[in-house]
Structures are given as C-alpha cells and as structure tokens.
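One structure is given below, encoded as structure tokens.
The values are calculated or read from the model by the stated rules, or taken from the named source; none is laboratory data. Note that the coordinates shown come from a computational prediction; the quantities given were computed from them, not determined experimentally. All Cβ positions, even for glycine, are placed from backbone atoms using ideal geometry, and neighbour counts span all protein chains on display. Side chains included, ligands, DNA and RNA excluded: accessible areas come from the protein's heavy atoms. Shrake-Rupley method; radii C 1.70, N 1.55, O 1.52, S 1.80 Å.
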Amino acid sequence: MEPTLKEKKRIVVFRIRNLDKIKRGDILVFYNDQVYEVLVDRVIGFPGDLVDITEDGAVCVNGQSLLEPYRVDQPTTGAPHQSFQVPAGKYFMLGDKRPDAIDSRHWNEPFIGKQFIIGKATHHLFPLVKIESQAVN
C-alpha cells in the first residue's frame with residue numbers, strides 16, 4: 001500500500017458495524033484465510049460487481065473506468081486481461097502499488113468474505129503522540 005501507507009507506520013482502524021457505509025477506494029483491514037495474515041488493501045469490487053483489469057492495468061467496474069489517483073505505478077502492457085465477478089457477501093481488493101501488490105488478483109480465492117473485514121483505516125499515527133492531520137484516503 002506504499003506510498004499511501006509507509007512501512008512501519010501506524011494507522012488508526014475503526015471497526016465497521018455497517019458494511020453499507022464502505023465506499024469504493026476505502027482502505028480496509030481484513031483477515032485473509034488463505035495466507036493466514038491480516039492485510040491492508042483498497043476495496044475495489046462490491047458484491048455483484050464485475051471487475052475488469054485490462055492488459056495495460058486499467059481497472060473497470062461494471063463497464064466504467066475507475067479513476068485511481070492513489071495508484072502509483074505506471075500501467076504495464078502485455079499483462080493478461082482479468083475479469084472477476086464478485087459474489088454475494090464478498091469483496092475484491094487491490095493494493096496501490098500494483099506491480100508489487102499481492103492482492104485479490106493473485107489469491108486462489110480472489111474475494112474476501114464480509115466476516116473477515118476488521119475495519120477501515122482512517123488516519124496515520126506515527127509516532128504514537130503525533131497524529132497526522134490528513135486522512136488516509
């Protein structure tokens with residue numbers, strides 16, 4: 001998730017009680033039962049969405065190009081086109097630094113169940129006594 005979230009930086013995470021309040025592009029903290037780790041990525045696809053990642057790395061959701069100002073890599077050519085139909089109760093996640101990100105595109109089961117979502121990252125906190133004034137998104 002660099003440069004949005006720097007390594008060894010602390011973040012504030014708020015538990016999500018109502019999943020309807022999640023917005024596309026929010027940074028979520030979740031447990032991935034395939035890699036047995038807590039991970040941090042952006043939510044890109046919601047239940048029922050069709051997520052397409054083109055050969056040049058552009059992301060389309062339900063046929064609409066997704067504007068991703070947080071994305072830091074340059075689009076690459078020659079990557080295979082990928083399509084993901086997000087099932088009910090699940091979410092599709094992508095990292096900001098796509099060439100290095102191990103995210104939904106790479107997992108055997110590319111979707112995260114709603115029961116595994118821990119919370120939403122909202123602010124940087126580093127060191128513990130200094131809170132940055134800018135929200136994560």
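Placing dummy labels 7 Å off each Cα toward the beta-carbon, the span from residue 72 to residue 58 is 2.4 nm. Under 14 Å from the Cβ of residue 105, count the other residues' Cβ atoms, weight Lys and Arg +1, Asp and Glu -1, and hand me the total. Around residue 105, the surrounding residues sum to -4. Positive contributions from Lys and Arg (+1) and negative ones from Asp and Glu (-1), summed over other residues with Cβ under 10 Å from the Cβ of residue 53, come out at -1.
Provide 71, 17 ordered by accessible surface of protein heavy atoms (probe 1.4 Å), highest first.
These residues rank, largest area first, as 17, 71.
Which FRET efficiency value, to the nearest 0.05, do you get for residue 83 and residue 23 by plugging their Cβ-Cβ distance into 1/(1 + (r/R0)^6) with R0 = 25 Å?
Calculated transfer efficiency: 0.65.
Taking every protein chain into account, the 1.4 Å probe leaves residue 42 with about 10 Å² of accessible area, to the nearest ten. Excluding same-chain neighbours fewer than eight residues apart, the aspartates and glutamates reachable from residue 21 by a Cα-Cα span under 20 Å are 41, 49, 68. Projecting the Cα positions of 60, 79, 28 onto the charge dipole of region 20-79 (unit charges on Cβ atoms of Lys, Arg, Asp and Glu, taken about the Cα centre) puts 28 furthest along the positive direction.
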